[in-house]
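Heads up, the thing below is written out as C-alpha cells.
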Amino acid sequence: MALLELSALRKAFGGLVATDDVSVSIAPNAIHGLIGPNGAGKTTLFSLITGFYRADSGTVRFDGTDVTGLTTSARARRGLVRTFQSNLLFGDQTVLDNVISGALISRPRHAFDWLYERKADRQAGTAAARDILDFCRLTDKADVSARDLSHGQQRVLGIAVALAARPRLLLLDEPFTGMTAREKDDLVTMIQSIRARGTTIILVEHDMRAVMRLCDRITVLNFGKVLAEGTPEQVRRHPDVMAAYLGTA
Amino acid sequence: MQILLDTLVNAAMASAATALVSIGLALIFGVMRIENFAHGELYMVGAYVTWYVSTSLGMNYFLGLVGAVLVTALIGAAMEIALFRRLRSNPVGCLIITIGVLLVLQTGAILFAGINSTLLVDSPFPGTLKIGALNLPWHRLFVILAAIGLMQVLIWLLRRTMFGRAVRAVAQDREAASLQGISISRVSVAAMMLSAGLAGAAGALMAPIVRISPFMGQPIIITAFIVIIMGGIGSIEGAIIASVLYSTFFTFVSTYVDSTIATIAGLCIMLAVLIFMPNGLMGKAEKV
Amino acid sequence: MRSPGIVMAVALLVAAALLPAVTGDYYTAFGTEIAITVLMLSSYRIIVLTGEWSFAHVVLQGVGAYTAAILVKDLDWPFPVTLAAGAAMAALVAALLSYPLLRMKGFYFLMGSFAAAEAIRLLWRKIPFFGGTRGLSNIPAPYLEIGDFSIDFGDPAHFYHLSLGVVACCLFVMWRMEQARVGGIWRAIQQQDVLAQTVGIESRTYRRLAFVVAAAFAGIAGVLLVYAFGSVTPNRFNLNFALYLMIWAIVGGTRTFYGVVLGGVVLMIFDESLRFAEELRPGIYGLILIGVMLFWPQGLEKLLMPLTRLLGNRARRSDPA
C-alpha cells in the first residue's frame, strides 16, 4: 500500500490554478522525485502535502489515514516532516540545541514533565541528538550557534532537525541548492542512508544529476498538472518532459 | 429633533477631526511600517500650541493654528531623525520607543501648563448659524470644512506631485523605491512631518471645543487605532471611510446612551474586525 | 539541580525575608508591592517567551483582584481559597479571550489584547456590582487561627512574609516550567514558529497555555494586591499601568529569568525616589525607555551576564551530559 496517496488535489489562488487535479502515489521506503520547470507548482504541491495550504478539493492520505483536514503540526506528529529551502532554523540556538528542539514533541511524557525533566530523559535526548549530528557529520559543530554555519551546513542542519522529529516520510525542499560539489556528494550519500534506515523520501529538486542518481520514481509537474511519471530512465526519455524543459522545436 | 441635528453635526465634526488624525497614522504605517503610539500626543501638542499663541500670547487664532502645525511637524521630523532612523532594523523597537515619546510629551504638557488648569481658546467663529429651527455652531462647520480642505490638499499631494509618487513608491516597495534613487530618509522625514502636522492641525481645530488637558490625546489615539484597523492599516481611503462610520456610530451612541458604553462598543468593533477581517475594509496594508 | 544560581536565589530570599527586621512598616509594605510587581513581571515574561507582547496582563491581575474582593466581602471566604479562586478566574477569562486573540500575532495581538482588556475594565467601571468607578473597599486582611495559634496578616510584616512566600513559590514554578519541556517548546515557537510546527509543535495550543498560565499568576498577584491595599479600583488596571509593566520588562530584559526581577526591583526603588515628583514620573519613564531602546536594548540583565556566565560555566563543567 502506498505510504502517501494524493488524489485529485486542486488548489487555486484567485484565478491562478497552481495545482490541477494531481494524483500521485508514493511507495513506502522509496525516494520519490518531484520535478518540473519553474512555476510548475512543485512548491504548492509540497505545501498541500505538509498542510501549509488547504486543498480546494481532493485528498491526502498518509499511511491509510485521511490527513487532508489536519494542521501541519498534526501531520508532523504522524511522521510527515518537511525541510525548507530558506534554511529555517532556530537561529539563536546552538546546533545541538536545534536538533534537541526538533525532538521536543516526541520526548517521553510523565505526570510532572511541565515542572521538570527526568535526568535519564534529558541524557537520552541529548545522546539521541548527538547521534543525529554524527549521522549528519556535524558532530564537531555541536556547540556552534546555528547562524554561524555556512550555507551548506545550515542545509544539513535543517535536515538534522527534521530527522529529530522522527519522520516516516521526509519531504526535502531543494536541498542541493547552493551547495558545493563535495557537499552535494555527501548529501546524496546521506539521503541514501536516511532511506536505508526506513524513511520514505520525497525530493523536490532542480539539480537533475542528484535527482537521477537518487530517485526510484519521479513525478514531473507542469502548469500544475502531472506531466509524466516513471523511473528516471523513463522520465528522461519522455518527449513531453523534454519539451517542457527545453521548449518544442 | 434639535438633539438629532446637534448629534449629526457633532458626528460630522468628530468624523472630520478623527479623519485628520487617522490619515496621519495610516500614512506613517504605510510608508514606514511604524505604529506611532505618540500620535495622539501630537494632537494634544497642537491644541496646547494653539492655546499658547492665541490665548496666552493673545495673538490671532489662525497664527495659533499655523504654529500648531509647525511645532508638531518639527516634533515629527525630530522623531524620525533622532529615533526611528536608528532603529530601522527593529520595528518592535520603534513601536516601543513611540510609547516613550508619548510619556515624555504628556509630562511635557503637565510641566508646561499644569495638570488641572483650565485652558480656553476662543474660536474665531463664535456663535451659531440659524436656519429656521436649526442651530449650527459656526466653529463646528469650520472644523468640518477645514478638515475636508486639508484632506484634499493631502490627496492632491499624494496623487499629483512627484513627492506624492515617491511616497507611494516607498509605501509599496521600499527596496525597489530606493533602487530607483528615491531617498528613503527624505521621504520618511516628509511623511512624519506631514502626519504630525495633520494631527497638530486637528488639535488646533478642536482646541476651542474640547477640554485641553495633558491627557486629551489618549482617547484620540485609541480611536485612531480602531479606525485604521477598521479601514485597513496602511490605507488612507480606508481611514477616511472608517473615520466617518466609526465617529458617527460613536457620537450617536455617546449622546443617546452613554460614552462609556460607546467606548466599550467601539473596542468590541475593533476586536471583531481583528478577528474576522484583519485586513480591514480596504484590504492590503500597502495602499497609501 | 544543585547550581550556584539556586544558592544565590535562596540567599536573596533569606535577605528579603529580613526586611521587616531592618525597617519600619512603610518600607515593609513597599516590599510587598515590589514582591507583587515581581510576580507580575515574571508572569508577563511567560507571554513574551512565546514571542508576543500583551496589554491584557494588568486587567487579568484585576480579574483576580475583583474575584478575591467580592468573595471576601460578600461570602467571607478565607485567604487560601480566594487565592485559588482569583487565579482560577483569571485563568478562565484568559482561556476565553485566547480563542479570538490567538488568531492574531504581533501588533494585531497587542491591539486585540488591549481592546478586550479595556472593555472588561470599562465594564468594571460601569457595573455597580463591581463598585463602579470607586471600586470595592474595606476588604479585611487574612487571619489565620489554628487552636491557640493566630496570625493577623493585617500587620505589614506578616503580610509581607506571606506575600514573599507566595511569590517565591510562584517564581519557583515558573522557573521550573521554563527549564522543562514546555519552556523549550515556548522558546521554539518564539524563535521560529513555522519550523516548530514542522516538527510537530501545535503553536496555538502552547501559546494558549502560556497565556493562561501567565494569567493565573497575574490573578494571584491581583489577590495579593487586594489584601495589601484593602481595596480595588478599576483605574489601578488601566493603560498606564500596562505601559509601565511593559517598560519594566524591557528595561530589565526578558532574555533571562532574573532580568525582569532585576528590572522590577531596581525600577520600583527608583520609582519610590520619584515620589516628590509624581507628575514627572511618566516623562522620566519615557526618557528611560527611549534611552534603553537606543543605547541599551538588552536591558539591565546584560550587566549581570558576565557574572552568570562565570557561575554557569562552573556548573556546566560538572555536568556529565
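Quick notes on this structure:
- Matching residues, the range B:98-118, being more than 7 Å from chain C (Cβ to nearest Cβ) and more than 27 Å from C:PHE107 (Cα to Cα): B:ALA109, B:LEU111, B:PHE112, B:ALA113, B:GLY114, B:ASN116, B:SER117, B:THR118
- Counted residues, the range C:252-288 - those being surrounded by 17 or more Cβ atoms within 10 Å (Cβ to Cβ), among the β-branched types (Val, Ile, Thr), within 13 Å of another protein chain (Cβ to nearest Cβ) and part of a helix (DSSP H, G or I): 1
- The range B:242-266: number of residues that are more than 14 Å from the chain's Cα centre (by Cα) and either surrounded by fewer than 20 Cβ atoms within 10 Å (Cβ to Cβ) or basic (Lys, Arg) (or both): 14
- Hey, A:ALA18 in a loop (DSSP other than H, G, I, E, B), assigned by TED's automatic domain parsing to the domain that holds A:THR177, touching a Ser or Thr at 6+ places or on another chain (Cβ under 7 Å) and at pLDDT below 90 or not: no
- Test: residue in the range A:36-43 that is among the hydroxyl-bearing types (Ser, Thr, Tyr), modelled with pLDDT under 90, in a helix (DSSP H, G or I) and touching a strand residue (DSSP E or B) at 6+ places or on another chain (Cβ under 8 Å): yes
- Evaluated against (1) small (Gly, Ala, Ser); (2) surrounded by 22 or more Cβ atoms within 10 Å (Cβ to Cβ); (3) not assigned by TED's automatic domain parsing to the domain that holds A:ALA103, A:ALA181 falls short on exactly one condition, (2).
- B:ASN279 passes every criterion in (1) part of a helix (DSSP H, G or I); (2) over 30 Å from B:VAL66 (Cβ atoms); (3) within 14 Å of chain C (Cβ to nearest Cβ) apart from (1).
- Residue in the range C:218-229 that is surrounded by 24 or more Cβ atoms within 10 Å (Cβ to Cβ), within 14 Å of chain A (Cβ to nearest Cβ), within 17 Å of the chain's Cα centre (by Cα) and within 21 Å of C:VAL93 (Cα to Cα) present: no
- C:ASP152 meets the conditions (1) of a type outside the set (A, V, I, L, M, F, W, C); (2) touching a strand residue (DSSP E or B) at 6+ places or on another chain (Cβ under 9 Å); (3) under 25 Å from B:ILE261 (Cα atoms) in every case but one. The failed one is (3).
- In the range A:68-110, of all residues being basic (Lys, Arg) and either outside any loop (DSSP other than H, G, I, E, B) or more than 17 Å from C:ILE185 (Cβ to Cβ) (or both), the one that is nearest to the chain's Cα centre (by Cα) corresponds to A:ARG82.
- Per the conditions (1) at the interface with chain C (Cβ under 9 Å from one of its Cβ atoms); (2) surrounded by fewer than 20 Cβ atoms within 10 Å (Cβ to Cβ), the sole criterion not satisfied by B:ILE81 is (1).
The rows are residues; the columns are (1) modelled with pLDDT of 95 or more; (2) out of contact with any strand residue (DSSP E or B) (no Cβ under 8 Å at 6 or more places or on another chain).
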residue	(1), (2)
C:ALA69	no, no
C:VAL72	no, yes
C:ALA88	yes, yes
C:ALA91	yes, yes
C:ALA94	yes, yes
C:PRO100	no, yes
C:TYR108	no, yes
C:MET111	no, yes
C:ILE120	yes, yes
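- Residues of the range C:184-242 that turn out to be over 26 Å from A:PRO167 (Cα atoms) and among the charged types (D, E, K, R), as a count: 2
- You will find that of C:ALA196, C:ALA242, C:ALA249, C:ALA215, the residue that is under 23 Å from C:ALA117 (Cα atoms), more than 14 Å from chain B (Cβ to nearest Cβ), among the aliphatic types (A, V, I, L, M) and buried (at least 20 other Cβ atoms within 10 Å of the Cβ) is C:ALA215 and no other.
- Qualifying residue in the range B:166-181 (condition: within 14 Å of chain C (Cβ to nearest Cβ) and more than 23 Å from C:LEU243 (Cβ to Cβ)): no
- Considering each residue of the range A:64-79 in turn, at least one proves to be at pLDDT 90 or above, more than 30 Å from C:GLN191 (Cβ to Cβ) and in contact with a strand residue (DSSP E or B) (Cβ under 9 Å, 6 or more places away or on another chain).
- Residue within the range C:66-82 that is among the polar types (S, T, N, Q), assigned to a helix (DSSP H, G or I) and within 13 Å of chain B (Cβ to nearest Cβ) present: no
- Whenever a residue of the range A:189-212 is farther than 24 Å from A:SER47 by Cα, it has no partner that is hydroxyl-bearing (Ser, Thr, Tyr) lying with C-beta atoms less than 7 angstrom away and at least six residues away or across chains.
- Any hit, the range C:53-65, residues being of a type in the set (A, V, I, L, M, F, W, C), surrounded by fewer than 24 Cβ atoms within 10 Å (Cβ to Cβ) and on the phi < 0 side of the Ramachandran plot: yes
Okay, residues lined up against (1) modelled with pLDDT of 90 or more; (2) part of a helix (DSSP H, G or I); (3) among the charged types (D, E, K, R):
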residue	(1), (2), (3)
A:PHE112	no, no, no
A:TYR116	no, no, no
A:ALA120	no, yes, no
A:THR126	yes, yes, no
A:ARG130	yes, yes, yes
A:LEU133	yes, yes, no
A:GLN153	yes, yes, no
A:LEU157	yes, yes, no
A:ALA160	yes, yes, no
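- The set of residues in the range A:71-87 being surrounded by fewer than 18 Cβ atoms within 10 Å (Cβ to Cβ) and not polar (S, T, N, Q) consists of A:ALA74, A:ARG78.
- The listed residue being touching a Lys or Arg at 6+ places or on another chain (Cβ under 9 Å), under 22 Å from A:ALA30 (Cα atoms) and in a strand (DSSP E or B), out of A:LEU171, A:LEU187, A:LEU203, A:LEU227: A:LEU171
- Applying the criterion of being facing chain A (nearest Cβ under 10 Å) and of a type in the set (Val, Ile, Thr) to the residues of the range C:158-188, the residue that is surrounded by the most Cβ atoms within 10 Å (Cβ to Cβ) is C:ILE185.
- Among residues of the range A:92-114 being more than 10 Å from C:ALA188 (Cα to Cα) and small (Gly, Ala, Ser), the one that is surrounded by the fewest Cβ atoms within 10 Å (Cβ to Cβ) is A:ALA111.
- Here is the figure for the range B:188-230: residues that are buried (at least 24 other Cβ atoms within 10 Å of the Cβ) and without any contact (Cβ under 8 Å) to a residue 60 or more places away in the chain total 3.
- Residue within the range B:60-70 that is modelled with pLDDT of 95 or more, away from chain C (no Cβ under 14 Å) and under 21 Å from B:ILE222 (Cβ atoms) present: no
- Within the range B:85-95, the set of residues being in a helix (DSSP H, G or I) and either surrounded by fewer than 21 Cβ atoms within 10 Å (Cβ to Cβ) or away from every other protein chain (no Cβ under 11 Å) (or both) comprises B:ARG85, B:ARG86, B:LEU87, B:PRO91, B:VAL92, B:GLY93, B:LEU95.
The values are calculated or read from the model by the stated rules, or taken from the named source; none is laboratory data. The structure presented is a predicted model; accordingly, all values stated were derived computationally and were not measured. Positions of Cβ are backbone-derived with ideal geometry, glycine not excepted, and every protein chain shown enters the neighbour counts.
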